[in-house]
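Just so you know, all these numbers are worked out from the coordinates, no wet-lab data involved. Fair warning: this is a prediction, and the values are worked out from it, not measured in the lab. Neighbour counts run over all protein chains shown; Cβ positions are idealised from the backbone, glycine included.
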Amino acid sequence: MEHDTAVPYASPACAQGAPFVSLPQRYDAILLAGFGGPEGQEDVIPFLRNVTRGRGIPEERLEEVAHHYRRFGGISPINAQNRALKAAIERELATRDIDLPVYWGNRNWAPYLADAVREADAAGHHRLLALATSAYSSFSSCRQYREDFARSLEETGLAETMTIDKIRQFFDHPGFVDSFVPSVLSALQAFRDAGTHVEHMRVLFTTHSIPVADAQRSGPRDADLGPGGAYEAQHLAVAAAVMSRVGDQDATLKDVSWELVYQSRSGPAAQPWLEPDVCDRIAELPGESVEAIAISPIGFVSDHMEVLWDLDTEALEAASDAGLRAVRTDTPGTAHTHVAGIVDLIEERMAAVDPSDRPAVTTLGPWFDVCRSGCCENVRAGFKRAAAGVAP
């Protein structure tokens, strides 16, 4: 790996930093990068310390969050979901006769990314194409993964012999967007069939809240995407696309109202985070003549703890307290639409498909192959060395 290139740790196709690759690239393997989660009671606090390292979060706050995991036996579903996703991707690759092994590593719990790159190295696989299990642009959903790729290569001593590129952020790839449509459509049709009029329905599209300052810095530095940066703009565009598809499939539902809300805030009260909170909005909806809500977690690729606790527990309880009918709709998980879309993105990248021929269901995409210089800055820590993007 050449350190004097524009993009550290990059393959020849990406090393000079063009936003879209134009040179087809051979890869040795796929690197599935997950968040990670505890798999037993004894894992919970060490895991939460990993997640919050460097942020000065007191132990008592960690204990407050820990009870979410302890309610489920100390087991986050996310590792099992990533095992299932890995297997599904492997099956889809095999169906298309694409001979690429898939290695899986996490940012915050075993198996760690460093374990995955060591495993790839031992098998003689040194040119990796990464898939992060997050579709949108922000520090925590993109750049932090890229920083962890870089750190893993440096810590393992593989920085000179291994490269890691990354598929584009896939928030508006049809495989991702279309995976949300059937369950949103089904929920709204059930409300209608039970006698709820369209004007009394609401779809709440929800995603993880992040600090406002991080949201403002999400995406390229020179892009004016609104007060919430790329992160908010991308979610709004995806929500609109899902609702457009719902209306296309059932014209009686084309006028259902929707909005973007946020969940899982974890910062201090004095720090501004993206709002409104999903539970706060649910409490207000009866006053707006809403009778039934579909909660669609478009910010998440699977039913991990923020879905099981913050939505299936807290948000549905808030809806019950407000006297609302409520359904939490599906995440993509291992739905074939989603998995096939991931493999489409892998093939797109290997073939260096021209941007004009790449599928994207919003006007924001297709997003970049190579992240732009200075995008998705971490306000607290500044820029650290990162793979798959132009430095810094």
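Please report the orientation-averaged projected area of region 86-193, defined via the convex hull of its C-alpha atoms, in nm². Each step should come with its number before you reach the end.
Numbers: hull surface 36.2 nm².
Here the figure is 9.0 nm², rounded to one decimal.
Please check: in the Gaussian network model of the chain (C-alpha springs, under 10 Å), which one of Gly73, Gly124, Gly195 has the largest mean-square fluctuation.
Residue with maximal mean-square fluctuation among Gly73, Gly124, Gly195: Gly195.
By a straight-distance test (C-alpha under 17 Å), which lysines pair with Lys86 as possible cross-link partners, with residues fewer than eight away in the same chain excluded?
Lys166
Taking the chain as a Gaussian network, Cα atoms linked when under 10 Å apart, which of Ala80, Ala122, Ala240 shows the biggest mean-square fluctuation?
Among Ala80, Ala122, Ala240, the largest mean-square fluctuation in the Gaussian network model of the chain belongs to Ala122.
For a protection proxy built on the mean count of beta-carbon atoms within 10 angstrom, sort 102-114, 309-321 highest first, please.
Ranking the peptides 102-114, 309-321 by packing returns 102-114, 309-321.
Taking the Cα centre as origin and putting +1 on Lys and Arg beta-carbons and -1 on Asp and Glu beta-carbons, what dipole magnitude results for region 73-231, to the nearest 20 debye? Don't skip to the answer; put the middle values down first.
Values: 16 positive and 20 negative charges, 56 e Å.
Using only the charged Cβ atoms, the result is roughly 260 debye.
Relative contact order of region 236-291: what whole-number percent is it, with Cα pairs under 8 angstrom and at least 6 residues apart?
In percent, rounded to a whole number, it is 23.
Charges only on Cβ, +1 for Lys and Arg, -1 for Asp and Glu: so what's the dipole of region 174-328 about the Cα centre, in debye to the nearest 20?
With only Lys, Arg, Asp and Glu charged at Cβ, the dipole is about 260 debye.
In degrees from 0 to 90, rounded to the nearest 10, what is the angle of the helix 78-95 Cα long axis to the longest principal axis of the chain?
For helix 78-95, the angle is close to 70 degrees.
Step by step: find N for region 333-392, compute 2.2 N^0.38 Å, then divide the Cα radius of gyration by it. What's the final number?
1.40
Among Ala80, Ala352, Pro38, whose Cα projects farthest towards the positive end of the dipole of the chain, with charges put on the beta-carbon of Lys, Arg (+1) and Asp, Glu (-1)?
Ala352
Could you order the peptides 154-162, 169-177 from most to least packed, using the average number of other C-beta atoms within 10 Å per residue? Don't skip to the answer; put the middle values down first.
On the way: 154-162: 15.9, 169-177: 24.4.
Descending mean neighbour count gives 169-177, 154-162.
Can you tell which of Leu185, Ala319, Ile282 lies farthest toward the positive end of the dipole of region 174-328, using +1 and -1 charges on the Cβ of basic and acidic side chains (Lys, Arg; Asp, Glu)?
It is Leu185, whose Cα lies furthest towards the positive end.
Taking the Cα centre of the chain as the origin, how large is its charge dipole in debye, to the nearest 20, when only Lys and Arg (+1) and Asp and Glu (-1) carry charge on their Cβ atoms? Let's see the in-between values first.
Working: 35 positive and 56 negative charges, 124 e Å.
Taking the Cα centre of the chain as origin, the dipole is about 600 debye.
Output needed: percent of Cα pairs per 5 Å distance bin for region 174-328, bins running from 0 to the one holding the longest distance.
Reading the bins upward from 0: 2, 9, 18, 21, 21, 16, 8, 4, 1, 0.
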